[in-house]
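No lab work stands behind these numbers, since they all come straight from the coordinates. As the structure is a computational prediction, the values presented were derived from the model and not from experiment. When we count neighbours, we look across all protein chains shown, and the Cβ atoms used for this are built from the backbone with ideal geometry, even at glycine.
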Amino acid sequence: MIIVFACDVLGEENNGTTIATMNVAKAMKAKGHEVRIICPDKERMGQPGFYVVPQVNFGMFNGYVAHNGVRLASLKDKETIERAIKGADIVHFNFGGFLSHYVVKRCKELGIPTTASMHTQAENYTNHVFLQYSRLANHLWYKFLYRILFRHVDAVHYPSEFIHQLFEKQCHFKSNAYVISNGIQSDFRRMEVERPSELRGKIVVGYTARYSKEKKHVLLFKAMKYSKHKDDIVLLLPGAGPLDKKFKNKYSKWCKNPPILGFHDHSEMVRLLNCCDIYAHVGRVDIEPISCLEAISIGLPPVLTDSPVSSVSSFAVDRELNVFNHHSPRDLARKIDFFIDHPDIAKENGEKYLGLAAKFDFQTSMDKMEKMYLEVIEKNKK
């Protein structure tokens with residue numbers, strides 16, 4: 001089949017939405033399907049399968065938008081859009097925007113089946129305008145996404161039951177829902193690795209997330225002020241994003257040992273996670289925290305936020321040991337210190353998570369995504 005991914009936002013593979021989108025696209029291509037991707041990324045121009053359209057011009061706000069790593073597709077080149085969707089068997093959306101709204105309506109006119117993934121929460125958007133804690137703003141954003149895109153598609157992919165229930169409750173509707181994990185790659189497993197020199201003899205606390213406000217790295221940095229083991233802890237924080245300079249110039253000074261920062265590729269991430277002693281997932285907003293699942297699937301004892309807009313605490317096997325008060329860096333520090341003080345309990349707790357990857361197997365997830373596309377196409381023929 002010919003599958004078109006219409007991406008208002010794509011960008012580099014340093015955030016959950018882009019990684020999930022590209023994983024599905026690559027998996028479908030590996031299965032023998034033709035994959036076309038519409039996106040506003042100029043560096044993709046000329047690459048096979050990519051149909052590049054102009055970006056939205058935000059005028060005086062272009063600098064701020066670029067700083068946040070957002071490039072939004074415009075409708076200035078409808079000819080390219082039309083070429084991309086011509087002959088498509090199905091069109092899939094990863095983000096609600098101008099491009100998606102136009103393409104989903106064109107698909108209706110042309111009789112092309114459509115699906116969309118709910119990869120992001122309202123707070124991922126509202127944090128850019130400092131309204132991430134506003135219930136009204138977040139509710140209105142969900143309603144906006146529903147109106148411009150999700151009410152029009154033939155099926156909705158939800159990476160977790162958490163976002164399935166949240167989104168449909170917010171918008172008072174029932175979709176043709178497919179709850180399918182984004183999946184964990186099989187190479188995230190426990191292995192013996194040699195620690196780099198800066199980590200030897202240290203206690204390594206890891207957290208993998210985009211450097212943005214809703215990921216709440218600040219809680220982990222603040223916790224270092226209260227930990228009785230702060231002299232021995234090194235924070236391992238792989239990632240990238242708009243707060244990069246603040247991490248390096250401000251937050252790092254709260255740590256006794258320089259944190260390990262910066263973007264790392266997939267194979268390096270497997271090695272780095274195996275250098276960790278504890279994994280602390282502190283992000284306030286998470287639909288399906290794949291980075292956390294990757295870490296705990298190799299047997300790391302986790303300390304997980306109890307944020308009501310994150311699904312991560314649902315993975316805890318022991319809430320007393322593994323879950324902290326998301327308002328309190330002191331409580332986060334206490335949970336980390338407990339595992340450091342009780343290595344036998346930490347080891348036993350971590351081992352309870354070994355094999356978790358089997359429940360979120362990547363290939364199984366990709367098979368389910370393919371099945372969703374085929375079912376929607378078949379149903380559309382009737």
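Brief remarks on what is shown
- Hits among aspartates and glutamates - C-alpha to C-alpha of LYS246 under 16 Å, sequence gap 8 or more where chains match: GLU214
- Comparing PHE130, PHE50, PHE315 in a Gaussian network model of the chain (Cα springs below 10 Å), the most mobile by mean-square fluctuation is PHE130.
- Most fluctuating residue given options GLU13, GLU351, GLU194, as computed from a GNM of the chain linking Cα atoms under 10 Å: GLU194
- Acute angle (nearest 10 degrees) that the helix 217-226 long axis makes with the longest principal axis of the chain, alpha-carbon atoms: 10 degrees
- Partners for LYS42 among aspartates and glutamates (Cα-Cα distance below 17 Å; same-chain residues under 8 apart left out): ASP8, GLU12, GLU13, ASP77, GLU79
- Pairwise alpha-carbon distances in the chain exceed 27 Å for 49% of all pairs.
- Nearest 10 degrees, 0 to 90: helix 329-341 Cα axis against the chain principal axis: 60 degrees
- Inter-label distance for LYS108 and VAL179, nm, one decimal - labels placed 7 Å from Cα along Cα-to-Cβ: 2.8 nm
- For the chain, the Cys residues with no second cysteine's beta carbon closer than 4.7 Å are CYS107, CYS171, CYS255, CYS275, CYS276, CYS292.
- Inter-centroid distance (Cα atoms) of the range 34-57 relative to the range 124-175, Å: 26 Å
- The angle separating the long axis of helix 135-145 from the principal Cα axis of greatest extent in the chain is about 40 degrees.
- Counted residue by residue at 0.36 nm each, then reduced by the alpha carbon distance between them, the extension gain from LYS169 to ARG190 reaches 3.7 nm.
- Think of the range 197-358 as having a plus end and a minus end, set by charges on the Cβ of Lys, Arg, Asp and Glu; of MET224, LEU272, ASN249, ASN249 sits farthest toward the positive end of this dipole.
- Highest-fluctuation residue, GLY11, GLY32, GLY299 considered, GNM on the chain with Cα pairs under 10 Å: GLY32
- Relative contact order (%) - the range 197-358, alpha-carbon pairs under 8 angstrom, separation at least six: 25 percent
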